[in-house]
Amino acid sequence: MEQNQQSSAATMKDVAERAGVSTATVSRALMNPEKVSAATRHKVEQAVIAVGYSPHALSRNAKRGDSRTILILVPDICDPFFSEVIRGVEVTAAEEGYLVLIGDCAHQNQQEKTFMNLMLTRQIDGMVLLGSQLPFDAGVEEQRNLPPMVMANEFAPEMELPTVHIDNLTAAFEAVNHLIHLGHRRIACIAGPEEMPLCQYRLQGYIQALRRNNMSVDPSLIVRGDFRFEAGVSALKKLMSLPQPPRALFCHNDIMALGAIKEAKAMGLRVPQDLSVVGFDDIELSRYCDPSLTTVAQPRYAIGREAMLLLLEQLQGRRVNNGSRLLDFELKMRSSTAVPCRREKS
């Protein structure tokens, strides 16, 4: 409670006391950060967040919205999945007169200070997170002194943020179930990064589909990738070198699925006759590759739009409950999956 009262009229002295430094050091850290050590700068930045100090002397009691600017934090701007999500945010923001900045967290070491400065100087009114992490350290208590935030695409309950996403576990379950119903029994999974919540849910969907159909889970058939094309290529090489290679493949995103298909062709395998492949996301490329990719379609534009609408509600002073807002997905069945050409043994 004391922290909330303090944040309503925080001063540079409050920051100095919190960080255990002088007000002159606070001033240097904020205005000339290169003149203080990294450790001191970090202490000051954390103190600024904790007490809610505004370096530009903007009143903490003033209504947010002066900058009319939103920041979207993207895990990797090169990933084509995010294009439609970003468009959903931008179009919705523009309708209300907001400008959108895009921050690429793939290079967060270089950008961490830039993002922090945007927070500290109140140059943005709110944030849409397209991943599950902030590009700087801030606990739940400290988050309350940051601009309003909404999470789109991911679901990380521990962050206690309003969230828009699909049911990744059920979507993965249905994708793998499709392969099982076609008659496949040796189904591999090219999973995404272990630290990403959505990958954990998609892996659980894969495992549950196998178990529900009385099939064993073979750890050698689960290979991790980083969502990139090359990860699909290298994962497929590893899987096909097994004594009993898979006849079907579930990938945590379309890009890795396309990499796997490319490598399968290079090995002389036919897709889908020798190897059925299912992706996830339904990016535009998935419709135009050869064969066209069976995949889980996410409502990417709607995810961005709904996230921005939730953020606008907060910016307009309305209370938004933290937690999940689920949107529908669809399994798009195309040409990359088929009944196995020879009957497999269970």
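Coordinate-derived values only; no laboratory data. These figures come from a predicted structure and were not determined experimentally. When we count neighbours, we look across all protein chains shown, and the Cβ atoms used for this are built from the backbone with ideal geometry, even at glycine.
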(request) Could you sort out which of LYS237/LYS332; LYS13/LYS43; LYS238/LYS265 sit more than 20 Å apart by Cα distance in this structure? (result) LYS237/LYS332
(request) For the range 159-298, count the residues as N, evaluate 2.2 N^0.38 Å, and divide the Cα radius of gyration by that value, please. (result) 0.98
(request) Please work out whether the range 194-270 counts as rounded, prolate or oblate from its C-alpha gyration tensor, where a ≥ b ≥ c are the square roots of the eigenvalues and a/c under 1.5 means rounded, while otherwise a/b larger than b/c means prolate and anything else oblate? (result) oblate
(request) Could you list which residues have their amide H under 5 Å from that of MET151, counting only those 5 or more apart in sequence or on another chain, with H placed in the peptide plane? (result) LEU129, THR163, VAL164
(request) Pop a pseudo-label 7 angstrom from the Cα along the beta-carbon direction at both ARG270 and MET333 and give the gap in nm to one decimal. (result) 2.1
(request) Could you calculate the FRET efficiency of ARG212 with THR11 from 1/(1 + (r/R0)^6), where r is the beta carbon distance between them and R0 is 41 Å, rounded to 0.05? (result) 0.10
(request) Give me the distance in nm between label points sitting 7 Å out from Cα along the Cα-to-Cβ direction at ASP290 and LEU242, one decimal. (result) 3.0
(request) Kindly rank 12-21, 213-222, 290-299 from highest to lowest mean number of other beta carbons found within 10 Å of each residue. (result) 290-299, 12-21, 213-222
(message) Rounded, prolate or oblate for the range 254-346? Axes are the square roots of the Cα gyration tensor eigenvalues, ordered a ≥ b ≥ c, and the cut-off for rounded is a/c under 1.5.
(response) prolate
